[in-house]
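See structure below.
The values are calculated or read from the model by the stated rules, or taken from the named source; none is laboratory data. Note that the structure is a prediction, hence the values are computed from the model and not measured. Please note: Cβ atoms are built from the backbone with ideal geometry, for glycine as well, and neighbour counts cover all protein chains shown. The accessibility values were calculated without ligands, DNA or RNA, using every heavy atom of the protein model including side chains. Shrake-Rupley method; radii C 1.70, N 1.55, O 1.52, S 1.80 Å.
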Amino acid sequence: MTEPRRFHLQRTVDITGVSGTGRVADGVLWPDGTASVRWRGERPSTVHWDDIAHAEAVHGHGGATEIVWDDPEPAASDMTCPHCPDGHTPPDCGSQPWGAHLGPERDGGGQPTTIHVMRVAGAHVAESDAQWLLGRINRDARHYGAGRG
């Protein structure tokens, strides 16, 4: 998991007589596997757990309280990159689109000779991104007749 995921505790039976029933607490499962739970009610409090299973073991009361996920389960990524929090943004989509600008390089007549293509927001690129982009440029160049004198 690379992003926090929200949940709440839904209680059907109040075994202790303290928290009531219904939505009794809100929580966040953090990317490192720890969890924070914020209790609702007259005496709200916040508790942090090293593992969400520990919170469920203590507060689940044998099934009387269950974890209900407010955020969908993150999709599994088949691309893994140790530098990207989301595995690696695929070249054809994602939250970090492509950007381009003309480079400082000039020909004898002062015209630009280089286009720099990059991901925005400081994201890095992979060799697979370069291959994908090259294929797109070459395919589109043939389609539109680029390169004609």
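Solvent exposure of residue 116, expressed as accessible area, is near 70 Å², computed with a probe of 1.4 Å over the protein chains only. Distance between the modelled labels on residue 66 and residue 138, one decimal in nanometres: 5.4 nm (7 Å Cα→Cβ projection). Of the GluC sites (Glu not before Pro) found in the range 25-68, the ones in coil according to DSSP and having at most 11 other Cβ atoms within 10 Å of their Cβ are 42. Near residue 7, the amide H atoms lying under 5 Å from its own belong to 27, 28, 29, 70; only residues 5 or more places off or on other chains count, and H is placed 1.01 Å from N.
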